[in-house]
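The values are calculated or read from the model by the stated rules, or taken from the named source; none is laboratory data. What you are looking at is a predicted structure, and each value in this text was computed from that prediction instead of being measured. Here the Cβ positions follow ideal geometry from the backbone for every residue, glycine too, while neighbour counts run over all protein chains shown. Side chains are part of the model used for accessible areas, which takes the heavy atoms of the whole protein and leaves out ligands, DNA and RNA. Shrake-Rupley method; radii C 1.70, N 1.55, O 1.52, S 1.80 Å.
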Amino acid sequence: MNNKDIKYNKYALVREMLETSEVIRKFDPDCNKNMAIKSQEKRGLFLTGEGSSRIFPAKRAQYASQKSGSVWPILTEGSTQAMDYKLDDFAVFGASNSGQTKEVVRLFQQIKAEGHDCFYSLTANPDTTLEKLAMDAHVMNCGKEDAVAATKSVIEQGLFYDGLLRNMAGDKMSGLDKLADQVSEVLTMEIDQELIDLMKNADMLYFAGKNTGVAEELTLKTNEITRKKSDFLEGTYAVHGIEEVMDKKEVVIIVDPFESEEEKFQECLVKGVGMKVIAIASRETSFPTIRIPDGGQYQDYVELAAGWNLLVEIGIALGIDLDKPVRARKVGNEYIV
């Protein structure tokens, strides 16, 4: 992406992606300190929301918590299914940029009526239905998004949960300036035109990788930004049966591939199906690789931003209006008072 070029900067989506670095730089890790203190009294955290407000922020937090051995388990589910769950022992966080997402509002109405004593909202807009229902609320500082596809807000939601977990554990977030620089670097780096053309002409784009929310979120963004069909293949699912129906006109993008499984992907997909496989990674892989810096503890954010860059390039190459999908809406299912 090049913000000085009219073919990019005429789109709100691109402008909002490029604002992400400043969102990171200005993020206050202590914005949820009071919520963290109250949440410590619970057995764990339940993070809910719909679409982009849940996929990356909640699953990235879940992965980070499990990896660090946190004493507070994290669960996540869509809000309608969550209405079937007993959540009394969990601090519940509902993320909704609009603050009007029907599924989250209904869940909060239910747990409030049941007397739940620890449920919070995370929104991008003030004075919303969700904020009024919650015991406490945080309104993000990323600002309004005009593009249908959520981007900078997804990163701030991720940082909010990141800071929450650290505050609960008595730790401090550090290194956000470096992360902001790395995100800016991958958003503006040049991507091999051959790879862009390969994906532009693909019948379908699959994203594979760890269940950190990155590959799954990029799957959704593929639909919204490139209008191509896409699917998320968690872990090594791509070599456990689905190859039977894959086609050589399709492409798999692996985010941070498991090095031990690269040979199997080569065998099943490249040689077996005849399809192209590329990687997004901080190291060279056995596939054509979009190299990104090593983000360390924040690697997931860097990977997501690199994926955004790739999808914008594909959308531009296809001549798509990035800001105006035909059917997708900014608020997928709005609660009307």
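Which residues, counting only those in the stretch 163-177, are touching a residue at least 24 places away in the same chain (Cβ under 8 Å) and farther than 9 Å from Phe27 by Cβ?
Leu164, Leu165, Arg166, Asn167, Met168, Ala169, Lys172, Gly175, Asp177
Return yes or no: is Glu217 in a helix (DSSP H, G or I), over 16 Å from the mean Cα position of the chain (by Cα) and not basic (Lys, Arg)?
no
Okay, residues lined up against (1) hydrophobic (A, V, I, L, M, F, W, C); (2) open to solvent by 40 Å² or more (accessible area, probe 1.4 Å); (3) more than 22 Å from the chain's Cα centre (by Cα):
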| residue | (1), (2), (3) |
| --- | --- |
| Leu159 | yes, no, no |
| Asp162 | no, no, no |
| Met168 | yes, no, yes |
| Met173 | yes, no, no |
| Ala180 | yes, no, no |
| Val183 | yes, no, no |
| Asp203 | no, yes, yes |
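Quick check on the stretch 294-311. Is at least one of its residues more than 16 Å from Thr219 (Cα to Cα), open to solvent by 40 Å² or more (accessible area, probe 1.4 Å), more than 17 Å from the chain's Cα centre (by Cα) and not β-branched (Val, Ile, Thr)?
Yes, because at least one residue in the stretch 294-311 is more than 16 Å from Thr219 (Cα to Cα), open to solvent by 40 Å² or more (accessible area, probe 1.4 Å), more than 17 Å from the chain's Cα centre (by Cα) and not β-branched (Val, Ile, Thr).
Within the stretch 31-91, considering only helices (runs of 4 or more DSSP H) that don't extend past its boundaries, which have at least 1 residues that are in contact (Cβ under 8 Å) with a residue 40 or more places away in the chain and in contact with a Cys (Cβ under 8 Å, 6 or more places away or on another chain)?
33-39
Name, by its number, the condition in (1) over 22 Å from Met204 (Cβ atoms); (2) surrounded by 16 or more Cβ atoms within 10 Å (Cβ to Cβ) that does not hold for Phe258.
Failing condition for Phe258: (2).
Please state which one of Ser286, Ser230 is open to solvent by 50 Å² or more (accessible area, probe 1.4 Å) and hydroxyl-bearing (Ser, Thr, Tyr).
Ser286
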